[in-house]
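See below for the structure under consideration.
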Amino acid sequence: MLIDADRLHIAIQKNGRLADISRELLKDAGLRLQNGRNALTARVENFAADIMFVRDDDIPTFVADGVCEFGIVGGNVLEEFRLSSGEPDIEVVAPLGVARCSLKLAAPETVDWSGPAMLEGQRIATSYPKIVDGWLAGQGIRASVVKMNGAVELAPRLKIAPFICDLVSTGATLEANGLRAVADVFDSEAVLIRTTRPVPAQRQALGESLLSRIDGVLTTKDAKYILLNAPSEALPAITRILPGADAPTIIPLHGRPGHFAVHAVARESVFWETLEKLKEAGASAILVLPIEKMMP
Ligand code: PRT
Ligand code: ZN
């Protein structure tokens with residue numbers, strides 16, 4: 001693997017649910033990646049960084065060892081790694097709000113679930129044994145955890161274990177296998193992580209620049225620019241309704257005494273309901289515009 005002292009190294013999943021999300025985030029931060037899908041590394045053309053394409057399970061190791069300064073990984077994989085390796089040299093920089101899923105305990109639909117006490121002395125199949133062990137300890141239950149690397153949902157049918165603990169997003173996989181979720185064990189989303197190992201000064205500066213760009217991407221994601229007109233008496237109600245807006249700019253409208261234009265950055269999603277409320281409060285000529293880039 002190519003390690004260049006003057007460049008940042010970012011580990012992302014090669015193939016899988018996080019692969020496109022990770023590429024997209026780096027692209028939105030202005031990094032132009034070479035396209036090759038089969039390469040193990042890619043040089044960023046317009047930023048001093050190299051991308052390492054790896055299995056998601058290896059990303060925490062790369063970052064903890066300082067081989068990569070940054071990585072993008074599922075919170076579930078990170079938590080399992082954390083519990084397996086004590087205090088790894090990893091810091092979560094930001095949750096990314098994507099690849100949301102939940103590690104859930106599931107039982108066959110035929111089981112009359114009466115609560116976690118039913119698990120006492122039972123077997124539970126999972127790919128996340130440390131997280132499940134921790135959860136069981138929290139419930140004061142002794143059960144044996146069977147590690148499976150995939151196809152966990154088949155465990156009850158194969159008589160490997162009567163219960164499973166697996167990631168769920170829509171619930172379709174559980175349903176297709178005659179299982180139903182009975183308890184939430186761990187909620188997860190993709191996270192950006194960085195090494196807490198010392199990083200040479202030049203790469204440190206590159207890292208700060210990357211983080212500032214990613215911060216801009218994340219704050220812009222749901223942000224919108226809202227413009228509207230309103231009479232002065234409606235301004236207090238309107239500024240209260242604007243979702244997640246900092247102090248709006250209020251400008252007098254030329255030729256319409258007592259009427260103002262309100263400009264605001266809304267940091268949360270703007271729904272039709274919000275626009276209807278603004279209109280009811282006295283706003284007119286409401287415009288909601290996308291924001292392309294934002295730097296605090
Ligand atoms: O090859 P590599 O080791 O890199 O990838 P992988 O196969 O281990 O991981 P991958 O690509 O499947 O998932 C990567 C990450 O995506 C996970 O670690 C989670 O953080 C996140 N994620 C989000 C999910 C899901 N949603 C998800 N639904 N990971 C897996 N699933 C699976 C789940 O295991 C089950 O088989 O999807 C099925 C359930 O989905 P539903 O929609 O039917 O409930
Ligand atoms: Zn994996």
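The values are calculated or read from the model by the stated rules, or taken from the named source; none is laboratory data. What you see is a predicted model, and the numbers here were worked out from it, not measured in a lab. Note: ideal-geometry Cβ built from the backbone for every residue, glycine included; neighbour counts use all protein chains shown. Ligands, DNA and RNA are stripped out before the accessible areas are found, and what is left, the full protein with its side chains, is counted by its heavy atoms. Shrake-Rupley method; radii C 1.70, N 1.55, O 1.52, S 1.80 Å.
Structure notes:
- Options 42, 94; residue that is free of Cβ contacts under 8 Å to residues at least 12 places away in the same chain, open to solvent by less than 50 Å² (accessible area, probe 1.4 Å) and either aliphatic (A, V, I, L, M) or assigned to a loop (DSSP other than H, G, I, E, B) (or both): 42
- Qualifying residue in the range 23-35 (condition: open to solvent by 40 Å² or more (accessible area, probe 1.4 Å), within 28 Å of residue 165 (Cβ to Cβ) and in contact (Cβ under 8 Å) with a residue 12 or more places away in the chain): no
- Hits in the range 137-169 (condition: under 12 Å from residue 104 (Cα atoms) and not hydrophobic (A, V, I, L, M, F, W, C)): 153, 166, 169
Table: residues versus (1) open to solvent by 40 Å² or more (accessible area, probe 1.4 Å); (2) in the same structural domain as residue 90 (by TED's automatic domain parsing); (3) aliphatic (A, V, I, L, M).
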residue	(1), (2), (3)
139	yes, no, no
144	yes, no, no
149	yes, no, no
177	no, no, no
195	no, yes, no
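- Meets criteria (touching a residue at least 12 places away in the same chain (Cβ under 8 Å), within 16 Å of ligand 2 (Cβ to nearest atom) and surrounded by fewer than 19 Cβ atoms within 10 Å (Cβ to Cβ)) for residue 61: yes
- Selection of the range 14-39 for residues being assigned to a helix (DSSP H, G or I) and more than 16 Å from ligand 1 (Cβ to nearest atom) yields 26, 27, 28.
- Selection from the range 45-58 of residues that are closer than 22 Å to residue 295 by Cα and either within 16 Å of ligand 1 (Cβ to nearest atom) or loosely packed, with under 14 Cβ neighbours inside 10 Å (or both): 46
- Of everything listed in (1) assigned by TED's automatic domain parsing to the domain that holds residue 183; (2) at pLDDT below 95; (3) not charged (D, E, K, R), the single unmet condition for residue 106 is (2).
- Exclusive hit being β-branched (Val, Ile, Thr) and more than 27 Å from residue 103 (Cβ to Cβ), set 146, 199: 199
- Residues satisfying the stated conditions in the range 239-292, i.e. crowded, with 16+ Cβ neighbours inside 10 Å, at pLDDT 95 or above and assigned to a loop (DSSP other than H, G, I, E, B): 281, 282, 283
- Condition check for residue 11: outside any helix (DSSP H, G or I), without any contact (Cβ under 8 Å) to a residue 12 or more places away in the chain and open to solvent by less than 40 Å² (accessible area, probe 1.4 Å): no
- Scope the range 159-172; condition open to solvent by 30 Å² or more (accessible area, probe 1.4 Å), away from ligand 2 (no atom under 16 Å from the Cβ) and within 28 Å of residue 138 (Cα to Cα); matching residues: 159, 160, 162, 170
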